[in-house]
Amino acid sequence: MKRLLQVLDDYFEEYFLVGTLSFSVLLIFAQVVMRYVFRNSVFWSEELARYLFIWQAWIASSFATKHSRHINLDVVVNLCPSNVKKILFWIAHIIWLSFTLYMTWKSAGLTSTIFSRRTVSAAMQIRMGWVYLAVPFGCAMMSFRLVQNMASKLREKREGVV
């Protein structure tokens, strides 16, 4: 379990994003070559690229959370005294964590419903639940990263770094 968490923490998002982006670029390039050079196309390539993009967006959100790279109002926060900055950090992270947990819960329910209906995609005939699973998985990963960031902030405070 500890090894799985270590791999998840160190490598998962980076390898997933680089691997799927590389694959998507090659897939779309092959589709363009097939269409304009050979006057034929691979009918499922655009659909797969679209579904990979959906997964990339949600995993990238987790990656951005891990590295504290989401959009924020630094201008406003930087004008505040340091004790107010700490309070704003905790307020923002608690609200954000609440939102991602809520989104995980609600999107998991929707995904479960879509799996139960056995809806399939048009070209590839894959279950649409696999596409929709990106939302609860990405939100759960963001929640995990937010808890990590908050725990790191508590460790820093305990060790006197901040």
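So the values come out like this:
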| read-out | value |
| --- | --- |
| Per DSSP, loop chymotrypsin sites (Phe, Trp or Tyr not before Pro) in the range 9-102 with at most 11 further Cβ within 10 Å | Phe38, Phe43 |
| Alpha-carbon gyration tensor eigenvalues x 5, square-rooted, for the chain, Å | 38, 19, 15 |
| Relative contact order [Cα under 8 Å, 6+ residues apart], the range 2-159, whole percent | 27 percent |
| Candidates per trypsin sites (Lys or Arg not before Pro) in the range 25-83, loop by DSSP, up to 16 other Cβ within 10 Å | Arg39, Arg69 |
| Charge dipole (debye, nearest 20) of the range 2-159; +1 at Cβ of Lys and Arg, -1 at Cβ of Asp and Glu | 320 debye |
| Trypsin sites (Lys or Arg not before Pro) restricted to DSSP loop in the range 94-139 with at most 16 other C-beta within 10 Å | Arg118 |
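Laboratory data are not the source of any read-out in this text; all were calculated from the coordinates shown. The structure displayed is predicted, hence computed values, not measured ones. Here the Cβ is made from the backbone with ideal geometry for all residues, glycine too, and neighbour counts use every protein chain on show.
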